[in-house]
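Below you will find the structure I want to go over with you.
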Amino acid sequence: MTVAELPIGERKARAVEEMFDRIAPRYELVNRVMTLGLDAGWRRRAVRELQLEPGARVIDVGCGTGDLCRVLGRARLRAVGIDMAAGMLAKAHTAAPLVRADALHLPIRDAALAGAVSGFALRNVVDIAACFREAARVIRPGGRAVFLEVSEPPNPVVRRLHALYFRRIVPMVGGLLSDRRAYAYLPASTAYLPVPAELLRLLTDAGFVRCRRVQLGAGAAQLLIGIRQ
C-alpha cells in the first residue's frame, strides 16, 4: 500500500473501523508477535508516565481489546475504554467499562478525568489535533495525557532494519495470522503521523504544558506526554 492509496476524511474513518472489526479476533496475538512482545512493556511505561494516585479515573482512547485498560487496572487506576470498532470491544478482555464512541467526540463531561492514555491509535483518527483537544477537554487541570505511538528510529542503520521489518515482515506475519491487507495498512499508516516536533506542537496547542517525547525500543515507538494546563 502506498501513501497515495491511504484513505482520508470520512472514508478513512469507515475503512479503519471496518479493518479493526476484521482483525479483532487475533489482534492481541499479532501485536505480541510483530513487536516481539515489546509492546507490553511500552504500555506499562505509558501508564507509569501518568503518575497518578490509585483510584484516579483515566480514559483509554482507542482501547481496542483492552490491553491498556488491563494495565491501568493493575496500577489500581479506574479505567474506561472507548473505541469506534464494535468488533474490538466485543473481543475485549477487561473488567473496565467500555463504550463505543469516537475519539473526537468523547461522551464525557469537561474536566471529569485525571488522565488519558492511548495506544497506537493516533494515526487511525481522522484529525490528530482534534483528538488532542478532546483529550484536553475531559482532563482536569494538572492531569496527564500519554499517547503511545509508533515512530522511526533515529539511527540510520536501525531505521533501515526497522523499515524492512515493519513494511515487509509485518504484513507477511499479519497475513499468515490474520489479514494481510490490514497489516499492510498499519505500517503504511505511519504516513499520517506528523514529525515529532509537530506532534508536540499540536499537543501544546491543545492545552497541555511541559510536553515531551520519550523514545522506546531504539526509537521504534514513542510516548507523547503532556500535563493539562
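Is region 44-55 home to any residue that is modelled with pLDDT under 95, open to solvent by 70 Å² or more (accessible area, probe 1.4 Å) and within 27 Å of residue 77 (Cβ to Cβ)?
No, region 44-55 has no match at all.
A further question follows. Is there a residue in region 157-165 that is buried (at least 16 other Cβ atoms within 10 Å of the Cβ), among the aromatic types (Phe, Trp, Tyr), modelled with pLDDT under 95 and out of contact with any Phe, Trp or Tyr (no Cβ under 9 Å at 6 or more places or on another chain)?
Within region 157-165, not a single residue is buried (at least 16 other Cβ atoms within 10 Å of the Cβ), among the aromatic types (Phe, Trp, Tyr), modelled with pLDDT under 95 and out of contact with any Phe, Trp or Tyr (no Cβ under 9 Å at 6 or more places or on another chain).
Need pairs with beta-carbon distance below 6 Å; first residue on the phi > 0 side of the Ramachandran plot and within region 205-229, second assigned to a helix (DSSP H, G or I); sequence gap 6+ or separate chains.
Matching pairs, first to second residue: 207/136; 217/38; 218/158.
Identify, by number, the condition in (1) in a helix (DSSP H, G or I); (2) closer than 24 Å to residue 29 by Cβ; (3) among the aliphatic types (A, V, I, L, M) that residue 158 doesn't meet.
(2)
Hey, among the residues in region 26-43 that are basic (Lys, Arg) and open to solvent by 40 Å² or more (accessible area, probe 1.4 Å), which one's nearest to residue 215 (Cα to Cα)?
32
Next up: When you scan region 66-144 for strands (runs of 3 or more DSSP E) that lie fully inside it, which ones turn up with 3 or more residues that are within 25 Å of residue 51 (Cβ to Cβ)?
78-83, 113-119
Looking only at region 2-25, filter to residues that are surrounded by fewer than 16 Cβ atoms within 10 Å (Cβ to Cβ) and closer than 22 Å to residue 165 by Cα; which one of those is modelled with the highest pLDDT?
5
The values are calculated or read from the model by the stated rules, or taken from the named source; none is laboratory data. Since the structure is predicted, the reported quantities are computational estimates derived from the model, not experimental observations. Reconstructed Cβ throughout: ideal geometry from the backbone, glycine too, with neighbour counts over all protein chains shown. These area figures cover heavy atoms from the full protein model, side chains too; ligands, DNA and RNA do not enter into them. Shrake-Rupley method; radii C 1.70, N 1.55, O 1.52, S 1.80 Å.
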